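This report refers to the structure that appears directly beneath it.
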Amino acid sequence: MRIGLASPRPILQPCSLEGLTYQLDPYVGCEHHCYYCYALNRAERDWREEILVHRDFVHRLRHELAGLEPQTIYMGWNTDPYQPAERDPRQTRQALELLAQRGFSVCILTKSDLITRDIDLLAAMSDPSAGVSIAFQDEGVRRLFEANAPPNERRIAALKVLKDAGIRTYALICPVMPFLTDLEALIERVAPFADRIWVYPLQMETEKDRNWQYIEEILDRRFPELRERYREIAFSPAHPYWAGLQRRLEELQKKTELDLRIKLWNGEQKR
Ligand code: SF4
């Protein structure tokens, strides 16, 4: 894996998540290269070959934080902060050190158990939260779509370690892949270790997008019977498939104590 330098750009970026103003990605690009990744459509490089780091990362981040009130920063929006490269440049750890020193906190998302290395820094913050994303119950199917990311067992084990350390935890089941994501089984698997569970669908924008082209190629090769159904469902937030799943999960929520946040169906949007 080559690690290049990114062209100069602000490290702190606007964050559209409720209650958060900024997010930061310590890396530009993600070695995990999940084939469904939405950020792939804006990738500057082929992430299987090269990712980028910010020049003078710590210095510039310190400068950008200088005028801000301490607040929670989201990490993990466009890239995984704990992708394999983090073992050496350690830009995520450096960012956390700086944020902790300045009284900031984080909401952080990853697919890697490397996050447990930084529990000391998370524990030094005020009310941080940490989550793992997960999309498949079946390991063979998972490898088709995200072969470079750590297996589910390691993510769930990391969630347990974080929870045991007193960190607020969440699981993000995303993207829900029609007929391939075993949603209820995944919820049952993460529930003991996640204080909250978010569920988001696969939502494609255009057939020209890189992630759709990868998905389509995998479906053609391994699940040809699903290809046309995906074309109907994945581009349509208001499709009855999502409404049905949403209802199933709402029933599940009523029967359990789970803190389930379901974003599967948007009946207002048209294709
Ligand atoms: S880990 Fe996240 S950011 Fe990285 S490729 Fe996968 S979905 Fe995209």
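With a cut-off of at most 13 other beta carbons within 10 Å, and DSSP calling the residue loop, which trypsin sites (Lys or Arg not before Pro) in region 178-249 qualify? Please list them. Kindly include the intermediate steps, with their values, before the conclusion.
Values: sites: Arg189, Arg196, Lys208, Arg210, Arg221, Arg222, Arg227, Arg229, Arg231, Arg247, Arg248; in loops: Lys208.
Those that pass, being in a loop and sparsely packed, are Lys208.
How much accessible surface area, in Å² rounded to 10, belongs to the heavy atoms of Ile51 with a 1.4 Å probe?
0 Å²
Indicate, rounded to the nearest 5 percent, the antiparallel portion of the DSSP beta bridges found entirely in the chain.
15 percent
At q = 0.23 Å⁻¹, what is the log10 ratio I(q)/I(0) for region 144-206, with the Debye formula run over Cα points and no solvent?
For region 144-206, the Cα-only Debye profile gives -1.05.
How much accessible surface does Cys107 have with a 1.4 Å probe, in Å² rounded to 10?
Solvent-accessible area, nearest 10 Å²: 20 Å².
What is the Cα centroid distance between region 109-179 and region 30-73, reported in whole angstrom?
A separation of 19 Å, based on Cα centres.
Rg and Dmax of region 86-220, Cα atoms, in Å?
For region 86-220, the Cα radius of gyration and maximum Cα-Cα distance read 16.2, 50 Å.
Relative contact order (percent) for region 113-271, with alpha-carbon contacts under 8 angstrom and 6 or more residues of separation?
Relative CO of region 113-271 lands at 21 percent.
Among Leu5, Met125, Pro89, whose Cα sits farthest toward the positive end of the charge dipole of region 1-127 (+1 at Cβ of Lys/Arg, -1 at Cβ of Asp/Glu, about the Cα centre)?
Of the listed residues, the answer is Leu5.
Using a 1.4 Å probe, what is the accessible area per residue for the chain, in Å²? Before the final figure, lay out the partial values.
Values: 12870 Å² over 271 residues.
Normalised by residue count, the accessible surface of the chain is 47 Å².
Rounded to the nearest 500, what is the 222 nm mean residue ellipticity of the chain from helices alone, with -39500 (n - 2.57) per DSSP H run of 4+ residues and division by all residues?
-9500 deg cm²/dmol
Is there a quick way to get the dipole size of the chain? I mean about its Cα centre, with the Cβ of Lys and Arg at +1 and of Asp and Glu at -1; what is the value in debye to the nearest 20? Mind showing how you got there, number by number?
Values: 38 positive and 41 negative charges, 26 e Å.
Dipole of the chain, to the nearest 20 debye: 120 debye.
Can you list which of the GluC sites (Glu not before Pro) found in region 32-106 are DSSP loop residues with at most 13 other C-beta atoms within 10 Å?
Details: sites: Glu44, Glu49, Glu50, Glu64, Glu86, Glu97; in loops: Glu44, Glu49.
Passing sites in region 32-106 are Glu44, Glu49.
Do any trypsin sites (Lys or Arg not before Pro) in region 13-97 lie in a DSSP loop with no more than 14 other beta carbon atoms within 10 Å, and if so, which?
Arg45, Arg48, Arg55
Using the Karplus equation 6.51 cos²θ - 1.76 cosθ + 1.60 (θ = phi - 60°), what ³J(HN,Hα) coupling, rounded to whole Hz, does each residue of region 22-38 give in order, writing x for Gly and Pro?
10, 10, 9, 10, x, 10, 10, x, 9, 4, 5, 6, 5, 5, 8, 4, 5
Taking H placed 1.01 Å from N in the peptide plane, check which residues at least 5 places from Asp138 or on another chain put their amide H under 5 Å from its amide H.
Result for Asp138 returns Asp182.
Check which residues have an amide H placed less than 5 Å from Gly131's amide H, if you skip close sequence neighbours.
Ile108, Leu109, Thr110, Tyr170
For the chain, how big is Rg over Rh, using alpha carbon atoms and the Kirkwood form of Rh?
With Rh from the inverse mean 1/r over Cα pairs, Rg/Rh is 0.96.
Can you give me the relative contact order of the chain as a percent, contacts being Cα pairs under 8 Å and 6 or more apart?
15 percent.
Of all accessible surface on the chain at a 1.4 Å probe, what whole percent is carbon and sulfur?
After summing per-atom areas, the C and S share lands at 48 percent.
Shape of region 177-219 from its Cα gyration tensor (a ≥ b ≥ c, root eigenvalues): rounded if a/c is under 1.5, otherwise prolate when a/b > b/c, or oblate?
The shape class here is prolate.
The values are calculated or read from the model by the stated rules, or taken from the named source; none is laboratory data. The model shown is predicted, which means the values in this text are computed figures rather than measured ones. Because the Cβ atoms are built from the backbone with ideal geometry, glycine has one as well, and the counts that use them run over all protein chains shown. Quick note on the areas: whole protein, heavy atoms, side chains included, nothing else; ligands and nucleic acids left out. Shrake-Rupley method; radii C 1.70, N 1.55, O 1.52, S 1.80 Å.
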